[in-house]
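These notes are about the structure you will find just below.
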Amino acid sequence: MQSPDTTLQIYHHHLKIPIETYFNTVADFLDPWDERAYQFVVHQYLKKTKDSGIVGMVRQERDENYVYLDAAVRYPTTQMPIDKPITPR
């Protein structure tokens, strides 16, 4: 019997965060503009919304009022492999 294969579905989450809220969330980071800080903010958002996704790469843009995050969030899915006949060469 074969074990199931795990694949990842990737979705993008787009967050618009007031700049003050962003700075309060990343207060413990030395560099608030580091990708780890962005990932932390997205992780906190997923935790708050009870979303089980896994945070991947995050891109950031900002203006004087908001931080905009584009986060790749991965969701594991399990699929049983399809049995394929072995063909001789």
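Where a number appears in this text, it was derived from the coordinates with a stated rule and is not lab data. On a predicted model such as this, the values are computed, not experimentally measured, just so you know. Virtual Cβ from ideal backbone geometry, glycine too; neighbours counted across all protein chains shown.
Worth pointing out:
- Cleavage-rule hits (chymotrypsin sites (Phe, Trp or Tyr not before Pro)) in segment 22-72: DSSP loop, at most 15 neighbouring Cβ within 10 angstrom: 29, 33
- Of the Cα atoms belonging to segment 5-79, the radius of gyration and Dmax stand at 13.1, 45 Å.
- The mean sequence distance of close C-alpha pairs (under 8 Å, at least 6 residues apart), as a share of the length of segment 5-79, puts its relative contact order at 49 percent.
- Summing +1 for each Lys or Arg and -1 for each Asp or Glu among the other residues whose beta-carbon sits under 10 angstrom from that of residue 70 gives 0.
- For residue 57, distant residues with modelled amide H under 5 Å away: 72
- Taking a Cβ cut-off of under 14 Å around residue 11, the surrounding Lys, Arg, Asp and Glu residues balance to a net charge of -1, with basic ones at +1 and acidic ones at -1.
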